[in-house]
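K.L.:
The structure is given below, and queries will be raised subsequently.
The values are calculated or read from the model by the stated rules, or taken from the named source; none is laboratory data. Every value quoted in this text rests on a predicted model; they were computed, and no experiment measured them. The protein model used for the area step is the full one, side chains on, heavy atoms only, and it has no ligands, DNA or RNA in it. Shrake-Rupley method; radii C 1.70, N 1.55, O 1.52, S 1.80 Å.
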Amino acid sequence: MGLLWAFVPAIALAQPPFQLHGWVAARGLAVEGRPSWRDGDFGRLDVGADNPEDDATYGAGKLQLALDARLGQHLDAHLHFAARAEPEGTGGQAFGLVEGYLEAHTRLRDSDRVSLRAGHLILPTSKENLDWAWSSPYTLTFSALNTWIGEEVRATGLLGAYQLAFGEADELRFWGSAFGGNDSGGTLLAWRGWALGDRLGVWNETVPLPPLPGLETGAPFGEQLDSGTRPFGSDLDDRAGWAASLGWRRAGRASLQATHYDNRGDRELYNGEYAWRTDFYLVGGDLHLPALGGELSLVAEWMDGSTGMGELDSTHVQLDFETTYYLVSWSRGLWRLTTRYDHFETRDTDGSVPLDPNDGDGSAWTVAAFWEHGTWPLRLGAEWVDVDAVRPAAGLVGTGALPSGSDAFGPDTGGQSLILEARVFLDR
């Protein structure tokens, strides 16, 4: 963690230019569905109702703040913080560090660029989360794929990138990363499943897990922290993970990118937290075309991977996971309209389904509309999300297979949400 804070005094003393990016938002939410995973249940959304048959309304506030500072001709610093005001009882921290890193960069010839980042950072994989502070210009709720990236995938270490320009507007980009501190990545996918939200995990926070029988005291995985899982923090197994990516981009028109990630977790238990072995392939692209007097954006990403922990010759957890989304967005003048389809699934492969059932699948439709003021730094948005999902483990609640006192809601973990938001940008 010392690496992340070593450059904070330098930012405070640096001379302009500074760049402050981000936004503050007020939201009203109406939701239908079972309690959220963030309340210790199985609901797929960030917030849920007390009962699947009921509707619930909430108010919420969010702040995403990113500070970039030029420390020298070839050295920059970046800090990104998140703060949120959420319904009472919601798990996780209200404030924390999302990213913090130094970046050294230079140009080779007139166009090629080499850079090296050191610190705690989000890997640059997303075709959806393109705005400052890793937010999306298309929707309020991220795809299932990028929801999980924001929750459980982060690198604390180094990321080197080489950008090679050719032709009039084309660019090839390669990056590679060696990192630690992400050993528990995979815990949420295994024991909760895919979810949809826009919550970015922060350093050293603990988030809840569902009431699974394997996590009870005395059960095979009962040594897991009672409070949940800690996605980002100190390295557990002293083994570096790695990720690498190759991509192509035509400025303002299209891009393609393929990434492989492997955290190389050793599958052992460390003070209440398992080091999961998680690896995946991620392929994504986008295309932007003129249409109906505006711009039509087509975006898609696909991920396929596996995660597991524990000794393979004894009781352990192992599953495969896959997700994809397709997004269509049209913008003209002050308006943007977007629709997205998600499909996601987890497949339990460890053979211990009666004890620890981790299968699940589902799909979701998201429709969003934004209006952004031409001169004021204001955006108004409305979004509807409809999740249709099943997780067999959720159907065991109240049958005696899960902790006593739990409510029996069945295996349906879907839900719907309507979000109205007023967002003020801090850099416009």
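K.L.:
With a/c under 1.5 counting as rounded, go ahead and sort the range 237-323 into rounded, prolate or oblate using the C-alpha gyration tensor (a ≥ b ≥ c being the square roots of the eigenvalues; past the cut-off, prolate if a/b is larger than b/c, else oblate). Let's see the in-between values first.
P.N.:
Values: a/c = 4.07, a/b = 2.86, b/c = 1.42.
Judged from the Cα gyration tensor, the range 237-323 comes out prolate (a/c at least 1.5, a/b above b/c).
K.L.:
Give the carbon-plus-sulfur fraction of the accessible surface of the chain in %, rounded to a whole number; probe 1.4 Å, heavy atoms of protein chains only. Don't skip to the answer; put the middle values down first.
P.N.:
On the way: 10150 of 17550 Å².
For the chain, the apolar C and S fraction of the accessible surface comes to 58 percent.
K.L.:
What's the Kirkwood radius of the range 141-297 in Å, using all Cα pairs? Spell out each step's value before the answer.
P.N.:
On the way: mean 1/r = 0.0569 Å⁻¹.
Result for the range 141-297, one decimal place: 17.6 Å.
K.L.:
Please give the per residue volume of the convex hull enclosing the alpha carbon atoms of the range 190-247, rounded to a whole number of Å³. Show your work: numbers first, answer last.
P.N.:
Values: hull volume 8.7 nm³, N = 58.
Considering the Cα atoms of the range 190-247, their hull volume per residue is 150 Å³.
K.L.:
In addition: Round to a whole angstrom and tell me the spacing of the C-alpha centers of the range 207-260 and the range 269-343.
P.N.:
First find each Cα centre; the distance between them is then 13 Å.
K.L.:
Take the Cα pairs of the range 28-107, get the Kirkwood Rh, then feed it into Stokes-Einstein at 25 °C and 0.890 mPa s and tell me D in µm²/s. Show your work: numbers first, answer last.
P.N.:
Numbers: Rh = 15.1 Å.
Answer from the Stokes-Einstein relation: 162 µm²/s.
K.L.:
Jot down the radius of gyration and Dmax of the range 173-219, Cα atoms only, both in angstrom.
P.N.:
Using the Cα atoms of the range 173-219, the pair Rg, Dmax is 14.5, 50 Å.
K.L.:
Using the Karplus equation 6.51 cos²θ - 1.76 cosθ + 1.60 (θ = phi - 60°), what ³J(HN,Hα) coupling, rounded to whole Hz, does each residue of the range 25-38 give in order, writing x for Gly and Pro?
P.N.:
In residue order, the calculated couplings are 9, 10, 10, x, 10, 10, 10, 9, x, 5, x, 5, 4, 6 Hz.
K.L.:
I'd like the Karplus ³J(HN,Hα) series for the range 319-334: coefficients 6.51, -1.76, 1.60, θ = phi - 60°, whole numbers in Hz, and an x wherever there's a Gly or Pro.
P.N.:
8, 9, 9, 8, 7, 8, 9, 10, 10, 10, 9, 10, 10, 7, x, 8
K.L.:
Counting only heavy atoms of protein chains, what accessible area per residue, in Å², does the range 98-226 have with a probe of 1.4 Å? Don't skip to the end; give the middle numbers.
P.N.:
Numbers: 3920 Å² over 129 residues.
Value for the range 98-226: 30 Å² per residue.
K.L.:
For the chain, what does the helix formula give at 222 nm: sum of -39500 (n - 2.57) over DSSP H segments with n ≥ 4, over the residue count, nearest 500 deg cm²/dmol?
P.N.:
Working: 4 runs with 24 residues, N = 428.
Computed mean residue ellipticity for the chain: -1500 deg cm²/dmol.
K.L.:
Could you run the Debye sum over the Cα atoms of the range 106-223, one equal point scatterer each and no solvent, and tell me log10 of I(q)/I(0) at q = 0.10, 0.13, 0.16, 0.19 Å⁻¹, two decimals?
P.N.:
Evaluating at q = 0.10, 0.13, 0.16, 0.19 Å⁻¹ gives log10 I(q)/I(0) of -0.43, -0.67, -0.91, -1.12.
K.L.:
Kirkwood Rh, Cα Rg: Rg to Rh for the range 274-428?
P.N.:
That ratio is 1.10, to two decimals.
K.L.:
Continuing with the same structure: Cα-based Rg of the chain per 2.2 N^0.38 Å, rounded to two decimals? All intermediate terms of the calculation are to be shown ahead of the outcome.
P.N.:
Numbers: Rg = 21.4 Å, N = 428, 2.2 N^0.38 = 22.0 Å.
Taking N as the residue count of the chain, the ratio is 0.97.
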